[in-house]
Amino acid sequence: MLRFAARAASALALTTALALTATTPAGADPAVLPAATDIVGVGAGVTETLFTQFSTDYNAFLTASGDTTSPRLHSWDSTGTTAITPKAGATTIARPDRTDPGLTALNATTRSSIDFVRTTRVPNANDLPGNLFVAMAWDAVSWAAPAGGNAPQNLTTHDLSDIYNCRVTKWNQINPALPDATIVPVLAGHLSVDRSGVTGAPMESSDFFLKAIKYPPAGTDGPSDRSCVRTVERGDQGWDALLHDPNAIVPYSVGRFVGQVYGGHTRPGDDPVILTVRGIDGIAPVDPTNNRMSSAFSNTSYGRWLFNVVREADWNGTATAAGLHKVFGVTGWICKNAVAAAAIKSYGFRVLPVGACGSTRHA
C-alpha cells in the first residue's frame with residue numbers, strides 16, 4: 001500500500017497513541033457458541049467493536065453479582081466467514097454486514113436465533129412496524145482524507161455536494177491555492193456508479209453522508225455526468241489502497257475514528273493512521289485537547305443516533321422483556337452502568353442523557 005513521506009511524523013504520533021491506549025482486543029465474534037436463551041445481535045459494523053466490549057463487561061457484571069440465570073450478551077461481527085450460526089440450535093444464516101440485512105435476518109427468525117440488530121440510522125418507512133429502535137449512544141459522520149495528501153482541513157457542505165455530484169473535480173476549483181489535482185471521491189458499500197450516479201447498498205456512514213449533503217438519487221440530476229465517484233467495499237477503516245491516494249476523500253464515522261486513534265480500538269483491516277477526519281462548514285469533528293468527538297460538530301446535522309433494534313413483541317413479551325430491558329432499557333446496564341458509559345466514551349461515541357438512552361421509536 002502507498003505511504004507518503006509527508007505523513008511520517010503524524011503516523012508515528014498516532015501509532016504511539018494507539019500503542020499507549022489500546023486496552024481491549026479487536027472486535028471479534030463470540031468466543032463460544034451462545035446458548036439458545038442468550039441475547040445475540042448482528043448488524044452495523046460501526047458499533048461492533050463496542051459490542052465486543054459490552055459483551056465482555058456485561059457478562060462479567062452478571063457473574064460478579066452472582067447471577068447465573070440471566071441471559072448473557074453476545075454480538076456477531078459484520079465481517080468474517082460468510083455464514084454464522086447465531087445460537088445453539090439455530091439455523092445457519094448468511095452473515096449480515098449492515099443494518100438492512102440484519103433487520104431482514106431479525107424479521108425472518110425468532111428469539112431462538114437473533115435478538116437485536118446494531119444500527120446507525122433512524123427508523124424509515126420500509127421498516128416493519130414490529131421493529132423497535134432502542135436508543136444507545138450518539139455518533140457523527142464527517143469525511144476523511146490521507147494525512148499529508150492534497151485535501152484541505154475543511155470543506156463546506158456545498159463543496160462536498162459539488163464533489164460527489166462531480167460538478168467540482170479538482171482541488172483548485174475549491175480554492176486556487178490548492179493543487180491542480182483531480183479529487184477522488186469514494187463511497188463504501190455494495191455499489192455501482194455510472195453517468196447517472198451511485199446505486200446499490202451503501203454502508204451506513206456513506207449512506208448517512210449522502211443524505212446529509214442531499215445527494216440526489218441516480219438518474220434525477222439531469223444530463224450531468226456523475227461517474228467520478230469511486231467505491232470500496234468497507235467503510236470506517238482505511239485499509240483499502242484506493243483510500244491512500246493523496247486526493248481521496250471518504251465518509252467516516254467520527255466515533256469510530258476517535259475510538260481507533262485515541263482509544264486503540266481497532267479491528268482487522270483498520271488503518272486509522274492513514275486517514276484523518278476533517279471539518280465541515282468550519283467545524284472540526286474532533287476535540288484533540290480531550291481526545292473525543294467535538295460536541296459542536298456532533299450537534300450539527302452530521303450527528304446521528306446509534307440504536308439497537310429488537311422485536312417489539314420480545315420487548316414486551318413475558319418471557320423475553322426482562323432480559324432485553326436489563327441490557328438495553330432506560331434503567332438497563334448500557335444506560336445506567338458506569339463501566340458501559342466508560343466503554344461508550346472510550347470507543348469514541350457520546351453518552352446519551354438520562355431518559356434518552358433506552359428510549360424507543362418506530363418507523
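The values are calculated or read from the model by the stated rules, or taken from the named source; none is laboratory data. Keep in mind the model is a prediction, meaning the values are calculated, not measured. Positions of Cβ are backbone-derived with ideal geometry, glycine not excepted, and every protein chain shown enters the neighbour counts. Please note that ligands, DNA and RNA were not included when accessible areas were found on the heavy atoms of the full protein model with its side chains. Shrake-Rupley method; radii C 1.70, N 1.55, O 1.52, S 1.80 Å.
Consider D207 carefully, then state whether it is exposed (fewer than 15 other Cβ atoms within 10 Å of the Cβ), modelled with pLDDT of 95 or more and either within 22 Å of A44 (Cα to Cα) or charged (D, E, K, R) (or both). Lay out the reasoning, then the answer.
Details: exposed (fewer than 15 other Cβ atoms within 10 Å of the Cβ): no; modelled with pLDDT of 95 or more: yes; either within 22 Å of A44 (Cα to Cα) or charged (D, E, K, R) (or both): yes.
Taking the combined requirement at face value, the residue does not satisfy it.
Those residues that are open to solvent by 20 Å² or more (accessible area, probe 1.4 Å) and not in a loop (DSSP other than H, G, I, E, B), I need them from the stretch 252-276; list them, please.
Within the stretch 252-276, D270, T276 meet the criteria.
I'd like to know if the stretch 211-221 contains one or more residues that are open to solvent by less than 20 Å² (accessible area, probe 1.4 Å) and in contact with a Gly (Cβ under 8 Å, 6 or more places away or on another chain).
no
Which residue is nearest to G303 (Cα to Cα), if the candidates are limited to the stretch 173-199 and must be without any contact (Cβ under 8 Å) to a residue 24 or more places away in the chain and loosely packed, with under 13 Cβ neighbours inside 10 Å? Before the answer, list the steps.
Just the residues of the stretch 173-199 that are without any contact (Cβ under 8 Å) to a residue 24 or more places away in the chain, to begin with: 173-177, 180, 199.
Now narrow it down to the ones that are loosely packed, with under 13 Cβ neighbours inside 10 Å: 175-177, 180.
Working: N175: 27, P176: 31, A177: 30, D180: 32 Å.
Here the answer is N175.
Give the residue that is modelled with the lowest pLDDT, with candidates limited to residues of the stretch 42-95 that are part of a strand (DSSP E or B) and open to solvent by 40 Å² or more (accessible area, probe 1.4 Å).
Taking the stretch 42-95 as the starting set, the residues that turn out to be part of a strand (DSSP E or B) are 42-43, 73-75, 83-84, 93-94.
Narrowing the set further to residues that are open to solvent by 40 Å² or more (accessible area, probe 1.4 Å) leaves 83, 94.
Working: A83: 92, A94: 95.
Result: A83.
When the residues of the stretch 196-247 are narrowed to those that are under 26 Å from W138 (Cα atoms) and β-branched (V, I, T), which ends up farthest from the chain's Cα centre (by Cα)?
I213
How many residues are of a type outside the set (D, E), out of contact with any Gly (no Cβ under 7 Å at 6 or more places or on another chain), over 21 Å from A44 (Cα atoms) and outside any helix (DSSP H, G or I) if we restrict to the stretch 229-247?
2
Determine whether S298 is out of contact with any strand residue (DSSP E or B) (no Cβ under 7 Å at 6 or more places or on another chain), of a type in the set (G, A, S), in contact (Cβ under 8 Å) with a residue 12 or more places away in the chain and under 30 Å from I213 (Cα atoms).
No.
Exactly one of (1) surrounded by fewer than 21 Cβ atoms within 10 Å (Cβ to Cβ); (2) part of a strand (DSSP E or B); (3) not small (G, A, S) is unmet by W143. Its number?
Checking W143 against (1) surrounded by fewer than 21 Cβ atoms within 10 Å (Cβ to Cβ); (2) part of a strand (DSSP E or B); (3) not small (G, A, S), the one that fails is (1).
Search the stretch 227-249 for residues that are under 16 Å from A181 (Cα atoms) and pair each with any residue that is surrounded by 21 or more Cβ atoms within 10 Å (Cβ to Cβ) and among the hydroxyl-bearing types (S, T, Y) when their beta-carbon atoms are under 8 Å apart and the residues are at least 6 apart or on different chains.
Note: pairs meeting the criteria are V229/Y164.
Just to be sure before I move on: is R226 open to solvent by 20 Å² or more (accessible area, probe 1.4 Å), in a loop (DSSP other than H, G, I, E, B), of a type outside the set (A, V, I, L, M, F, W, C) and in contact with a Gly (Cβ under 7 Å, 6 or more places away or on another chain) in the structure I sent?
Numbers: open to solvent by 20 Å² or more (accessible area, probe 1.4 Å): no; in a loop (DSSP other than H, G, I, E, B): yes; of a type outside the set (A, V, I, L, M, F, W, C): yes; in contact with a Gly (Cβ under 7 Å, 6 or more places away or on another chain): yes.
So R226 does not fit the description; no.
Please specify each residue of the stretch 328-356 satisfying the condition of being buried (at least 20 other Cβ atoms within 10 Å of the Cβ), closer than 14 Å to T47 by Cβ and not aromatic (F, W, Y).
Correct list: I334, A340, A343, I344, S346, G348, R350, L352.
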